[in-house]
Amino acid sequence: MTARADTRTDAHANPHANAPTDAHADARADAPGPMHPFHLAFAVRSLDEARAFYGGLLGCPEGRSSTEWVDFDLYGHQVVAHLAPQELGEAATNAVDGDQVPVRHFGVVLSMAEWNALAERLRAAGVRFLIEPHVRFRGQVGEQATMFFLDPSGNALEFKAFADRSQLFAK
């Protein structure tokens, strides 16, 4: 067997050769642009509970599924609940602006109007908050509205919003 010569240009051989220093700069720009959805898989103890919570309470449309997992559309992002009760356990916390924040958590940065509507919907449904909806870092860089709660399997979710979205990555 003879070896084939690599006839690709340098840019094709190394797709990152001409990449900007900050590869995420376009995604963080203040102007609306294309969103790059993330994918997150997490363990649950029951797919029926996951469907009721993510599909019913949070209003996430359901995508593909099997007897072991279910895809959900969480504000345009693909989250996948995998049946794996043995993977569940108590989460560690860290102090953040006076609250004990679960180290492992996920969620979405919403507009302030969406965040307020979600907080009201969760309150009306009787959801128990780990961290009640409130504004943290008030008057400081990174001021944000935040709330934390658990899904039925104990996975922590945080939803947040910024009055000034440019504060998302501010130092």
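The values are calculated or read from the model by the stated rules, or taken from the named source; none is laboratory data. Computed from a predicted structure; not experimentally measured. Surface areas here come from the heavy atoms of the whole protein model, side chains and all, with no ligands, DNA or RNA. Shrake-Rupley method; radii C 1.70, N 1.55, O 1.52, S 1.80 Å.
In table form, for the structure just shown:
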quantity: Average Cα contact separation per residue, the stretch 26-171, under 8 Å, 6 or more apart, as relative contact order %; calculated: 20 percent
quantity: Within the accessible area of the stretch 122-166 (1.4 Å probe), percent carbon and sulfur; calculated: 47 percent
quantity: Solvent exposure ordering (accessible area, 1.4 Å, most first) of 57, 150; calculated: 150, 57
quantity: Average accessible surface area per residue within the stretch 66-110, 1.4 Å rolling probe, Å²; calculated: 56 Å²
quantity: Cα gyration tensor category, rounded, prolate or oblate, for the stretch 42-122 with a/c compared to 1.5; calculated: oblate
quantity: Which of 75, 54 is most accessible, then next, and so on - probe 1.4 Å; calculated: 75, 54
quantity: Relative counts (whole %) of C-alpha pair distances in the stretch 98-171, using bins that are 5 Å wide; calculated: 3, 16, 27, 26, 18, 6, 2, 0
